[in-house]
Every structure is written in C-alpha cells, then in structure tokens.
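A.B. asks: Would you mind keeping the following structure in view while I ask a few things?
The values are calculated or read from the model by the stated rules, or taken from the named source; none is laboratory data. Being a predicted model, the structure only gives us computed values, none of them experimental. Every residue, glycine among them, receives a Cβ derived from its backbone with ideal geometry; neighbour counts consider all protein chains shown.
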Amino acid sequence: MAIIIALTALALLATPTLAEGPLPQPKIGAACPSGYEASGSYCVPNRNTRCRAMPKIGATCPVGYTSSGGSYCIETGCQSR
C-alpha cells in the first residue's frame, strides 16, 4: 500500500501542470513577448516575469491571453515580480 501511495505521489510531482511558471518559447521574427528576452533561437522569460506566453496561431489569441511582440500571446492580467 505504501508503495502505491509513493508511486502516485511521484507521478503527480512529475506531471506538468498549468501552475508551472513561464517557459522559453521559440523565437519568431525579431521581437520577443513582453517580459521575455532573446537567447539564441528562443525567447526566455526574464527573472521578474510570471507571465506565460505562447506563439500566436491565427489572427487572435485564446481567451485569457493578449497579443504581445506581434507573434505571441501572453497571459492577460499576470504580474511581474
């Protein structure tokens, strides 16, 4: 029984969630989203941002995100530290 509990806890810890912080994004064009900076072929979050970003697909961003840097969508209402 203890093994099952331990394995379940380990699986939950290893599973990515929406609560994860911002992650590097592939660099599209010359500009990175707000709160991110260029590093090679990626845009990486600066140490003060909590805002998650994603490449924009189509003309608009999904609900909860706004356009940033022309080619990205960034979380609406997120705050930098």
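A.B. asks: Among the strands (runs of 3 or more DSSP E) contained in the range 37-81, which hold 3 or more residues that are of a type outside the set (A, V, I, L, M) and over 17 Å from E20 (Cα atoms)?
C.D. replies: The strands (runs of 3 or more DSSP E) meeting that bar are 65-68.
Listed here are the residues, each with its yes/no results for (1) at pLDDT 95 or above; (2) out of contact with any Ser or Thr (no Cβ under 9 Å at 6 or more places or on another chain); (3) of a type in the set (A, V, I, L, M, F, W, C).
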site	(1), (2), (3)
I5	no, yes, yes
L12	no, yes, yes
P16	no, yes, no
S34	no, no, no
Y42	yes, yes, no
P45	yes, yes, no
A53	yes, no, yes
G69	no, no, no
